[in-house]
1. Cβ-Cβ below 7 Å, separation at least six or inter-chain, first residue in region 97-115 and closer than 13 Å to PHE27 by Cα, second among the polar types (S, T, N, Q) and surrounded by fewer than 21 Cβ atoms within 10 Å (Cβ to Cβ): which pairs?
2. Are any residues in region 116-128 among the aromatic types (Phe, Trp, Tyr) and buried (at least 23 other Cβ atoms within 10 Å of the Cβ), and if so, which ones?
3. Which residue out of GLY299, GLY313 is of a type in the set (Gly, Ala, Ser) and either closer than 21 Å to SER51 by Cα or not assigned by TED's automatic domain parsing to the domain that holds SER402 (or both)?
4. In region 290-318, which residues are buried (at least 20 other Cβ atoms within 10 Å of the Cβ), assigned to a strand (DSSP E or B) and not acidic (Asp, Glu)?
5. Among the residues of region 70-79, write down those that are part of a helix (DSSP H, G or I), in contact (Cβ under 8 Å) with a residue 12 or more places away in the chain and surrounded by fewer than 20 Cβ atoms within 10 Å (Cβ to Cβ).
6. What residue, among those in region 362-415 that are touching a helix residue (DSSP H, G or I) at 6+ places or on another chain (Cβ under 8 Å) and small (Gly, Ala, Ser), is surrounded by the most Cβ atoms within 10 Å (Cβ to Cβ)?
7. Anything in region 134-150 that is surrounded by 16 or more Cβ atoms within 10 Å (Cβ to Cβ) and without any contact (Cβ under 8 Å) to a residue 60 or more places away in the chain? List them, or say none.
8. Tell me the residue from ASN443, ASN425 that is surrounded by fewer than 18 Cβ atoms within 10 Å (Cβ to Cβ), outside any loop (DSSP other than H, G, I, E, B) and at pLDDT 95 or above, please.
Amino acid sequence: MNKIALLLLIICSLCFNVSFSQNFGDFPNIEKQKLHNDLEILYQGLNKFHSGMYWYTSKDSVDNAFKKVKAQINKDINVLEFHKLIAPLVALSKEDHTDIFLPKAVKEKMTKESTFIPLTFVFLGTKLYCVKNGSNDQDLSIQGKEIELINNEKPIDIVEKIGNLFASDGYIKTSKYSDLEGFNFSKYYFYYYGNTKEVSIKFKTLDNPIVFKSLKIENVNKHLRSRNKKNKENKEKDLLEFKIINKTTAYLGLHSFSSSDIEEETKEKSLDVFLEHSFKSISDNNITNLIIDVSENTGGTEGNEGIVYSYLGDNYQKYKKVRAKTQKAVLDNGIDKPITLKTFGFLERTFLNKQMPDGSLERREWPGYGLMAYKKEPKNKFSGKVYVIISPKTYSGGSEFSNMAYSNNKGIFVGQETGGGYFGNTSGYGQELILPNSKIEINIPALQFIMNVEQKLPFGRGVIPNHTVISTFDQYLNNINAPLEYILEKIRNEK
């Protein structure tokens, strides 16, 4: 063996030792061969069933990543160590609808026994702030302070590591930061680094780092409840909001496209009725500026994004295609009981889709959802100036509305890049895959929605705003809609 090969072997050995040096707690080890069996089932599930698995990551790259992980599993390890290895494999789908979950029993044990950074956080842009203090020291004045280092690592460098444990659409980075809001940062820090006795945090405005003892979730919650009980709870937003702000401007807050949630939680009971009433009022009051807020819209029922768009633009084919990779995938590692994943029911498979030569299925055009932007032309279409508020939480159906409006020049976009991909997403008919030995659960989406958009943005990105607006911490804490304030100021200045 030459010196270079020996050096590489030593480096690989050290990397492997580091990857398993974390203390994840007293979880039983799972036999190496059983984990290899689970890895094979995971590979087959993503390879055979996930319709967009190779949209952003080539098959060769995925195959090589699986081979490397298999080589790393050269001894028995516990479920959290296994999770740390396979979560980045799931994230290679680069599709936020592809999720990985620990078994319920593991999460319960982790909640009772594991220790976490006792703070809640928020990223505003790429800057990390402390939101609430759940540590043993209640007198610390750290709310709203920007964090420079955690255990001598910059927050953006930590996100590069822990962000690989969950998927996001394409190459969009804004959602990697947004998804770590609240206690999620502490949770994923644990998933990557394991239990830590203490953490050293350097705040930007303080000369010296503060060392926090890591705590169990029960203790963190106890501290948070006792210290925030006097705070008035923020009133939850209505899922659908409409208000006339002044003589020229109206605001339309569309915070969900879920028809079941809208039926349950709104007085109109349907998006159709809400929009009909809202746009009649817009017309009756001669409104010339319309602000549509989808910054918290993570999607919902297919077709609702098109109903909103129908008030702004002409009908057109919004999807180039909607495809499923297969109707049925049988996952078999030759040892465990085979697992079958199915896409459509009989009627939908037979009448609404056509089988392609490669065995995939593509949606036919039909009077239902079909491929068009919407089904019927509404009254009171709006022809004035439209502003659309977007954020990393704008996702799935929320991002599809943004994609249509952006592609067809139907709005000025304000906020941050959407979390949903501009060119489409893989979602719909998600199937639950439970790995037979580790019991880790993977949700695999079956339908690839390829949008018919103009090539205005780089592949793999979301809608990028015309005006980037990021909240200050005070705006975040007080629920002030910073992009809305920006738009209103812009309208005032244009008079």
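The values are calculated or read from the model by the stated rules, or taken from the named source; none is laboratory data. These figures come from a predicted structure and were not determined experimentally. So basically every Cβ, Gly included, is an ideal-geometry build from the backbone, and we count neighbours across all protein chains shown.
1. Every condition considered, the pairs that remain are SER114/ASN195.
2. Residues of region 116-128 that are among the aromatic types (Phe, Trp, Tyr), as a first pass: 116, 121, 123.
Residue satisfying the conditions is PHE116 alone.
3. The match here is GLY299.
4. Matches in region 290-318: LEU290, ILE291, ILE292, GLY300.
5. Looking only at region 70-79, we keep the residues that are part of a helix (DSSP H, G or I), and these are 70-72, 79.
Next cut, in contact (Cβ under 8 Å) with a residue 12 or more places away in the chain only: 70, 72, 79.
LYS70, GLN72 - these are the residues of region 70-79 that are part of a helix (DSSP H, G or I), in contact (Cβ under 8 Å) with a residue 12 or more places away in the chain and surrounded by fewer than 20 Cβ atoms within 10 Å (Cβ to Cβ).
6. GLY415
7. Matches in region 134-150: ILE147, GLU148, ILE150.
8. Working: ASN425 fails: surrounded by fewer than 18 Cβ atoms within 10 Å (Cβ to Cβ).
When all the criteria are applied, what remains is ASN443.
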